[in-house]
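See below for the structure under consideration.
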Amino acid sequence: MSREAVIQLALSGDAGLSGWVRGDCPFCVVRTGKQDRRRSLGVNVTNGFYVCHKCEVKGKVEVASVVQSSVFVADEKKEIEKPEGYVPLWREPGLNAHVFADARCYLRGRGFGRAIWDAVRIGAVYEGYFEKRIVVPLFKTKKRIDLVGWVARDWTGSALRKYLYPQGMDRTETMFEGWRLFEESQEPLMIVEGVFDALPYYGHAIAVLGKPTYGQIELMKKSTRTMIVVLDGDAWETGYALAQKLKLNTNKAAYVKLPAGEDPASVDREWLRKAVHDAAREI
């Protein structure tokens, strides 16, 4: 039944430009005892390979018919647009609009003020499909004019899915501030999981939006910067493995292990900054 669910997911017609479609994992409840509600399973509609980023199940199903279908067209280019109802928070009307008071309060509560909203182009949506979500755009370059995706984060704490992404967003190489890999800088660059892990260290961190993908790792290998991997505490083995891959590629890389249950945004920031610089000095 679980494999049938994977096939149905592949046939759902919701694949991005990379050929991957995401959905709730039917294996999680068996392997972890907890039902997945965060679309942790990815299925590649061109070859049938699937992997869950939560329970780590892997396998392959027959989805040959999907390749000939309209689910995935390699030459198709879909322009990513900001979600309907997106309003910038760093300027009017979002800066003082009453309906966004809770969004602004949430951001300030996490230590992110107007300067960050402006620099990152953070906005919010009040109603509609993406209602009551903070929107963090993802740009390909420093110019911030080439939108490649965005992250919509629920600010109420009550949504079934904490994060939503645009349909058609290709996660293969997409990262938050990924262009910093190719900046000229002697400062170490932190590699973290989520955008809200990167924001406290703005200017010195990029986010891979979950677990690092093959395409993201290949981009990291082309960087000449010192990279310090700081994934969530429960993913330290993945972080260690990524650092080793980069080092084997002759990159300057190391990792910092966080306590279990912690992430870069929850630990003491000065402690982590020091740990990152100490790790960089030891390379």
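Give the residue, chosen from V267, V256, that is out of contact with any Pro (no Cβ under 6 Å at 6 or more places or on another chain), surrounded by 15 or more Cβ atoms within 10 Å (Cβ to Cβ), within 29 Å of F112 (Cβ to Cβ) and without any contact (Cβ under 8 Å) to a residue 24 or more places away in the chain. I'd like the intermediate steps shown before the answer.
Details: V256 fails: without any contact (Cβ under 8 Å) to a residue 24 or more places away in the chain.
Every option except V267 fails the conditions.
Of (1) without any contact (Cβ under 8 Å) to a residue 12 or more places away in the chain; (2) of a type in the set (A, V, I, L, M); (3) closer than 24 Å to V43 by Cβ, A115 satisfies all except one. Which?
Against the list (1) without any contact (Cβ under 8 Å) to a residue 12 or more places away in the chain; (2) of a type in the set (A, V, I, L, M); (3) closer than 24 Å to V43 by Cβ, A115 comes up short only on (3).
Which residue, of I217, I206, I228, is among the β-branched types (V, I, T), within 11 Å of the chain's Cα centre (by Cα) and outside the structural domain of L138 (by TED's automatic domain parsing)?
I206
Does E173 qualify as being in a loop (DSSP other than H, G, I, E, B), farther than 26 Å from C52 by Cα and among the acidic types (D, E)?
no
Looking at (1) within 19 Å of the chain's Cα centre (by Cα); (2) of a type outside the set (K, R); (3) crowded, with 19+ Cβ neighbours inside 10 Å, which one does G261 not meet, given that it meets all the others?
Here G261 meets the rest and fails (3).
From the list L181, L138, L164, which residue is surrounded by 14 or more Cβ atoms within 10 Å (Cβ to Cβ), under 27 Å from L242 (Cα atoms) and more than 15 Å from the chain's Cα centre (by Cα)?
L181
Taking region 112-128, which residues are in a loop (DSSP other than H, G, I, E, B) and under 20 Å from the mean Cα position of the chain (by Cα)?
F112, R121, I122
Inspect all residues belonging to region 198-217 and state whether any of them is among the polar types (S, T, N, Q) and in contact with a Pro (Cβ under 6 Å, 6 or more places away or on another chain).
Among the residues of region 198-217, not one is among the polar types (S, T, N, Q) and in contact with a Pro (Cβ under 6 Å, 6 or more places away or on another chain), which makes the answer no.
The values are calculated or read from the model by the stated rules, or taken from the named source; none is laboratory data. Note that the coordinates shown come from a computational prediction; the quantities given were computed from them, not determined experimentally. Note: ideal-geometry Cβ built from the backbone for every residue, glycine included; neighbour counts use all protein chains shown.
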